[in-house]
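The values are calculated or read from the model by the stated rules, or taken from the named source; none is laboratory data. Everything numeric in this text was worked out from a predicted model, so none of it was measured. No Cβ is skipped: glycine too gets one built from the backbone with ideal geometry, and neighbour counts run over all protein chains shown. The accessibility values were calculated without ligands, DNA or RNA, using every heavy atom of the protein model including side chains. Shrake-Rupley method; radii C 1.70, N 1.55, O 1.52, S 1.80 Å.
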Amino acid sequence: MDTSQPPDRQQILAYLDRIDAGDDAVRHLQADAQLLRVLHHKHLLAVPFENLSIHLGEDIVLADQPLLDKIVSARRGGFCYELNGAFAVLLRALGYRVVLLQARVFGPGGKLGIPFDHLALRVDGEDGSGPWLVDVGFGEHSHFPLALGTDREQDDPGGRFAILDAPNGDLDVHRDGKPQYRVDLHRRDLDEFEVGAWFNRTSPASHFTRSLVCSRLTEEGRITLSGDKLVTTVNGERHEELLGSDAEILAAYRDHFGLVLEQVPTVRKITFRYD
């Protein structure tokens, strides 16, 4: 169980500054549904979904303070365990009730991934709003929280979503008619996700070990850097650019994602075997 101390006021203010949401938090007198929507959207705009630590040989520590150190102090991004783990810290500090949920991601052919393949959040507001499914760590997904407790379709700038009943009391999250992941609604502790995070950062079977990704939402669409390929989507139009040098790649990480790196990440060869 994570026994990290709650963040202090300065850390929370720094986090709000990181996602350009300080003024929004000040204007709201309680942790309500409107503020949650603002925080969710601004987090996606400011903090990239990225797996660079895996390929830079950096440790990934699932505990509150290390997550805040990385996302806020070092102004980096991360993958689901890091992004939703850190966001949970912020939301709790602001007064929201937050439950960590484990999920299994649907792969090719509808095959489900491993347990604890993904971390998502159930969030309830001080104003009685919710419960909401909150997820700032799934890459291209909903821009705003999704309502739990209903199977109606929910329109979002990121697509049309539906949360449908699944076996054993789980829920399947669909986007534009396609299943994305299956959520187990039982409360989890952050350290329970260690095995899933270990698998995803070490296994040759994990797509995180086979490629580089750094991606964030923009007001006009999305921007993604994969190796030396920069993909920009503006109002539905996709543009690709191949970057010709390490200097250009490092500049793209800095200028488009706010990441100041000392070296260009390259895919590390994974040779670990399980048999």
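Counting only protein heavy atoms and using a 1.4 Å probe, what share of the accessible area of the chain belongs to carbon plus sulfur, as a whole percent?
Working: 6560 of 13480 Å².
With neighbouring chains kept in place, the figure for the chain is 49 percent.
Take SER73 and ALA147, extend 7 Å from each Cα along the Cα→Cβ direction, and tell me the distance between the two endpoints in nm.
Calculated label separation equals 4.1 nm.
In whole Hz, with x marking every Gly and Pro, tabulate ³J(HN,Hα) for segment 7-22 from phi via Karplus 6.51 cos²θ - 1.76 cosθ + 1.60, θ = phi - 60°.
3J(HN,Hα) across segment 7-22, in whole Hz: x, 7, 4, 5, 5, 5, 4, 5, 5, 4, 5, 4, 9, 6, 10, x.
Would you kindly derive the ³J(HN,Hα) couplings of segment 171-179 from the backbone phi angles with the Karplus curve 6.51 cos²θ - 1.76 cosθ + 1.60 (θ = phi - 60°), listing them in order in whole Hz, with x for Gly and Pro?
10, 9, 9, 10, 10, 6, x, 10, x
Of the DSSP beta bridges with both residues in the chain, give the percent that are antiparallel, rounding to the nearest 5.
Working: 49 of 50 bridges.
Counting only bridges with both partners in the chain, antiparallel ones make up about 100 percent.
So which lysines pass the test for LYS229, namely a Cα distance under 21 Å, with those fewer than 8 places away in the same chain ruled out?
LYS269
Want the number for VAL61 to GLU248: 0.36 nm per residue separation, take away the alpha-carbon distance, what's left?
Details: separation 187, 0.36 × 187 = 67.32 nm, distance 2.99 nm.
Result for the pair: 64.3 nm of gain on full extension.
Treating only the Cβ of Lys, Arg, Asp and Glu as charged (+1, +1, -1, -1), what charge dipole size does segment 8-112 show about its Cα centre? Round to the nearest 20 debye. Show your work: numbers first, answer last.
On the way: 12 positive and 12 negative charges, 72 e Å.
Using Cβ point charges on Lys, Arg, Asp and Glu, segment 8-112 gives about 340 debye.
When Lys and Arg each count +1 and Asp and Glu each count -1, what net charge do the other residues less than 12 Å away from THR209, Cβ to Cβ, add up to?
On the way: positive: ARG201, ARG210, ARG268, LYS269; negative: none.
Net local charge, THR209 excluded: +4.
Would you mind getting the accessible area per residue of the chain, heavy atoms of the protein chains only, 1.4 Å probe, in Å²?
Values: 13480 Å² over 275 residues.
Value returned for the chain: 49 Å² of accessible area per residue.
Run the reach check for LYS178 against lysines, Cα to Cα strictly under 24 Å, same-chain hits fewer than 8 apart removed. What comes back?
LYS111
What ³J(HN,Hα) values, in whole Hz, does the Karplus curve 6.51 cos²θ - 1.76 cosθ + 1.60 give for segment 241-251 when θ = phi - 60°, with x put for Gly and Pro?
Result, ordered by residue: 9, 8, 8, x, 8, 4, 4, 5, 5, 4, 5 Hz.
Going from most exposed to least, what order do TRP132, TRP198 have by accessible area with a 1.4 Å probe? Don't skip to the end; give the middle numbers.
On the way: TRP132 60, TRP198 105 Å².
Per-residue accessible area, sorted high to low, gives TRP198, TRP132.
Take the Cβ-Cβ distance between GLN30 and GLU194 as r, set R0 to 30 Å, and report the resulting FRET efficiency rounded to the nearest 0.05. Numbers along the way, then the final one.
Details: r = 34 Å, r/R0 = 1.13.
So, using R0 = 30 Å, E works out to roughly 0.35.
Can you tally the net charge around ALA147? Count Lys and Arg as +1, Asp and Glu as -1, for every other residue whose Cβ sits under 14 Å from the Cβ of ALA147.
On the way: positive: ARG37, ARG122, ARG152, ARG160; negative: ASP124, ASP135, ASP151, GLU153, ASP155, ASP156.
Local net charge: -2.
Can you give the net charge of the other residues whose Cβ lies under 13 Å from the Cβ of VAL183, counting K and R as +1 and D and E as -1? Write out the running numbers ahead of the final one.
Values: positive: ARG104, ARG122, ARG182, ARG187, ARG188; negative: ASP117, ASP135, ASP165, ASP170, ASP172, ASP184.
Taking every other residue near VAL183 into account, the sum is -1.
Expected output is a single nm value to one decimal: the length gained when fully extending between LYS111 and GLU219, i.e. 0.36 nm times separation in residues minus the C-alpha distance. What is it? Before the final figure, lay out each step's value.
Numbers: separation 108, 0.36 × 108 = 38.88 nm, distance 3.30 nm.
That pair, LYS111 and GLU219, stretches by 35.6 nm at full extension.
Please give the contour-minus-distance gain from LEU261 to GLU241: 0.36 nm per residue of separation, less the Cα-Cα distance, rounded to one decimal in nm.
Numbers: separation 20, 0.36 × 20 = 7.20 nm, distance 2.03 nm.
That works out to 5.2 nm of additional length.
Measure off 7 Å from each Cα along the Cα-to-Cβ vector at THR202 and LYS178, then give the distance between these two points in nanometres to one decimal.
Placing both labels 7 Å beyond Cα along the Cβ direction yields 3.1 nm.
Quick one, which of (1) 19.2; (2) 21.3; (3) 18.6 is the actual Kirkwood radius over Cα pairs in Å calculated for this model?
(1)
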